[in-house]
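Just so you know, all these numbers are worked out from the coordinates, no wet-lab data involved. No experiment lies behind these values; they were computed from the predicted model shown. Note that each Cβ is placed from the backbone with ideal geometry, even for glycine, and that neighbours are counted across all protein chains shown.
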Amino acid sequence: MIDEPIAWTKEYLEANKPPLKSLDEHNRDARHRYRLATAPHGNGIACPECGEELMDSDGMILTVIPPKKNVHCPACGYRGYRIA
Ligand SMILES: [Zn+2]
């Protein structure tokens, strides 16, 4: 059975508007996204010391020109910066 096409009218959108989140729900979701975005992760750059993949260490962006990010190598312990 084929569903009727949706008429994207103002009335349809208003009737199907998602419920508003509470501030606590928003903050919980935002904290979760922030944790995922700032967890250490590989960045595709080779370590200058050993050649293994460097990782972005955290979510910090150092406010210099150009902006930089902390990087580290889990294989050899190298620590440094990359341009963000
Ligand atoms: Zn290394």
* Asked: What angle, in degrees between 0 and 90 and rounded to the nearest 10, separates the Cα long axis of helix 23-38 from the longest principal axis of the Cα atoms of the chain?
  -> 40
* Structure fact -> Taking the stretch 40-84, the equivalent ellipsoid from its C-alpha gyration tensor has semi-axes in Å, biggest first, of 18, 10, 8
* **Local electrostatic count at A75 - Lys and Arg +1, Asp and Glu -1, tallied over other residues with Cβ under 14 Å** => -2
* To do: Using a 10 angstrom cutoff on alpha carbons, build the Gaussian network for the chain and name the most mobile of H41, H32, H72.
  => H32
* Asked: To the nearest 500 deg cm²/dmol, what mean residue ellipticity at 222 nm is calculated for the chain from DSSP H runs of n ≥ 4 alone, each contributing -39,500 (n - 2.57), summed and divided by the residues?
  -> -8000 deg cm²/dmol
* To do: Mind putting a number on the dipole of the chain about its Cα centre? Charges go on the C-beta only, +1 for Lys and Arg and -1 for Asp and Glu, and I need it in Debye to the nearest 20.
  => 440
* Report the far tail of the P(r) of the chain, meaning the percent of Cα-Cα pairs longer than 16 Å. => 68
